[in-house]
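Some notes on the structure that comes next.
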Amino acid sequence: ATHGGFIVRRARATQSRASMLQAPHFRGSGAHGRVSLQGEARLQSSATSLLCRGRRLHARPACAASPHGTAVHQRRVARAHATSGGAAAEPPSTAAPKAQGAAKVAEDPDSEAKSLRYSKEMQAKMGTQDTYQHELGLNYNRVIEDVIVGSCLQEAEDVDHLLEQEGVKLIFCLQEDSDMAYFNLDIKPIEARCKELGVRHVRFRVHDFDPFDLRKKLPDAVAALAGAHAATGGTAYVHCTAGMGRAPATAVAYMSWARGMQVDEAYTTVTSIRRCSPKIDAIRSAAADVLMGMGPVPVCIAVYRHSGCQRIQVAGLDVGWGNPLDMEWCPRLGRWQLQREMLLGQYQYKLIMDGVWTYSADHPTMSDGFNTNNLLEVDADVGPAAREQLRRILTPGAELTGEEKAAMRARVGVA
C-alpha cells in the first residue's frame, strides 16, 4: 500500500444537543482583538457581548450561567483602555473586571503570526479546517458534567478563573515543553498557583499532530486522568495547546473506557459541543492494542511505478503526516520499498515523490474528506476468531462486549 494525505474533516455543526451546546468560553480577548469563528458563534443568550475598539469582551451578567453552571468571563480591560486611549467600556457584570496581570503572550507582537503558522501546520498534518487563535486567551467547553476540554492555560490567573467560575479541581496538561516554548509560555507560575489554590496539576506529554504517539500513550493517559480525577473530585480541565486534537481525544477515550460510553457516542458528544478534530481511529486502535495484546508485525510497502523519481517518502502511517519516512531503492527487485514493524490496525498514508504529495493507484485507497489516501491494513497471522474481534473493534459504531469493557476499565484503573 502506498499513499497518504491530509485528512480533512469539517468540524461538526454545533446546533444539536441544545441542553449542552455552547460557544467556547473565552477568558478575555487577546492583544490584536481578533475573534475566532467559534467566538462569533452562538453566545449564551444570558451573556452580553461588547465591542471595544474592535476588541470583543464577553461579560457575565448577574446570575448568567450555562446549563452546567458555566459562565463567560472577561478580563484585560486595562489593555483595551490603553489601546483605545480612553475609558474602556464597563461590562454589565456583578464582578469587577480584572485590570491587571495581562498574559505575557498577549504582549508578544508575533502572537498572531504564530497562531496562523500553528493553524496551518495543524490543518496540513491533521487534515482539519480548524483554526487556533492563541492571542484570544483561554477558551473551553464543558463536554460532560465534570469534564471540560479547552486550550492551554497562559498565566496563573487562568487557574483562579477555572477554580472560581468552573469548579475545576484538576488540570490535566497534555503539552510538551516544545509546545509551550513556541508560544512563550511559562508553566512554573501556573503550577505554583495550582499548588496555592489546592488545584491538582498533572502533566502527561503527548506529541502534537501525531495520532500514532497518541495511540501508544492513550491508555496510560486515560489511566492517569482517571486516577487523578477520582482523587480530586470536582471538574477536570483537560487541555493540550489548542484543545482541538490531543485533549478531546483523551476526553473521548476517558468517557468511553472509564465511563462506559460507546466510543462513537462519546466522539459525537464532544465534537457536537466543541469544534475539534479528535482522531477516533487512534482511539479505536488503542483499545484494540489493549484488548488483543499483540505487538508489532513486519510490513513492507513497495512502489514499482516511480517515473524515475530520485527520492520517495511515505507520510502518515504510524509517524504522522509531518514526519515522512524515506523509502529505499532495491535494485534486485527494481522497486522502492519501506520495511518496518507496525502495530495492528488501519493506516492512511501518502507518497511524496521528489517533493510532490500523491497516492498510488496500485494500492488500496480511501476517501477522507477532500483527499484520497492510500490505506494499509496491518493484521497478524491469527485465527479467525481473533481476526473477527479485531475487525469488530475497529469498525465504526461497534460496541465492546461486557468482558472487553471490563478489561478496558481495568486497564485504566477504574473498578
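Some observations on this one:
- Of everything in segment 293-315 that is of a type in the set (A, V, I, L, M) and part of a strand (DSSP E or B), the residue that is surrounded by the fewest Cβ atoms within 10 Å (Cβ to Cβ) is Val297.
- Some residue of segment 356-363 being under 29 Å from Gln313 (Cα atoms), surrounded by 13 or more Cβ atoms within 10 Å (Cβ to Cβ) and at pLDDT below 90: no
- Residue count for segment 161-174, restricted to those that are surrounded by 17 or more Cβ atoms within 10 Å (Cβ to Cβ) and more than 11 Å from Phe204 (Cβ to Cβ): 9
- The criterion of at least 3 residues that are under 29 Å from Gly402 (Cβ atoms) and touching a Pro at 6+ places or on another chain (Cβ under 9 Å) is met by the following helices (runs of 4 or more DSSP H) wholly inside segment 179-258: 246-253.
- Remark: pairs (first residue in segment 175-204, of a type in the set (S, T, N, Q) and surrounded by 17 or more Cβ atoms within 10 Å (Cβ to Cβ); second residue assigned to a strand (DSSP E or B) and modelled with pLDDT of 95 or more; Cβ separation under 8 Å; 6+ apart in sequence or on different chains) = Gln175/Arg203; Gln175/His239.
- Evaluation of Cys152 against (1) assigned to a loop (DSSP other than H, G, I, E, B); (2) farther than 20 Å from Ile273 by Cβ; (3) modelled with pLDDT of 95 or more; (4) touching a strand residue (DSSP E or B) at 6+ places or on another chain (Cβ under 9 Å) (one fails), failing number: (2)
- Of the strands (runs of 3 or more DSSP E) that lie entirely inside segment 323-415, those containing 1 or more residues that are on the phi > 0 side of the Ramachandran plot, touching a residue at least 12 places away in the same chain (Cβ under 8 Å) and in contact with a strand residue (DSSP E or B) (Cβ under 7 Å, 6 or more places away or on another chain) span 345-353.
- Of all the criteria given as (1) surrounded by fewer than 24 Cβ atoms within 10 Å (Cβ to Cβ); (2) within 24 Å of His25 (Cα to Cα), the one not satisfied by Arg246 is (1).
- Residue within segment 389-404 that is at pLDDT 95 or above, in contact with a Lys or Arg (Cβ under 9 Å, 6 or more places away or on another chain) and under 18 Å from Gly316 (Cβ atoms) present: no
- Test result for Gly320, in contact (Cβ under 8 Å) with a residue 24 or more places away in the chain, touching a helix residue (DSSP H, G or I) at 6+ places or on another chain (Cβ under 7 Å) and not charged (D, E, K, R): yes
Listed here are the residues, each with its yes/no results for (1) within 11 Å of the chain's Cα centre (by Cα); (2) more than 17 Å from Asp220 (Cβ to Cβ); (3) surrounded by 21 or more Cβ atoms within 10 Å (Cβ to Cβ).
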position	(1), (2), (3)
Val252	yes, no, yes
Gly260	no, yes, no
Ser272	no, yes, no
Ile283	no, no, yes
Ala287	no, no, yes
Leu291	no, no, no
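- Considering residues of segment 352-400 that are of a type in the set (A, V, I, L, M, F, W, C) and farther than 23 Å from Ala286 by Cβ only, the residue nearest to the chain's Cα centre (by Cα): Phe370
- When Ala415, Ala380, Ala407, Ala386 are checked against the criterion of being modelled with pLDDT of 90 or more and either among the hydrophobic types (A, V, I, L, M, F, W, C) or exposed (fewer than 13 other Cβ atoms within 10 Å of the Cβ) (or both), Ala407 stands alone in meeting it.
- Scan of segment 119-143 for residues that are assigned to a helix (DSSP H, G or I), within 13 Å of the chain's Cα centre (by Cα) and at pLDDT 95 or above, ordered by number: Ser119
The values are calculated or read from the model by the stated rules, or taken from the named source; none is laboratory data. This is a predicted model, so every value here is computed, not measured. Cβ sites come from the backbone with ideal geometry, for glycine too, and all protein chains shown count toward neighbours.
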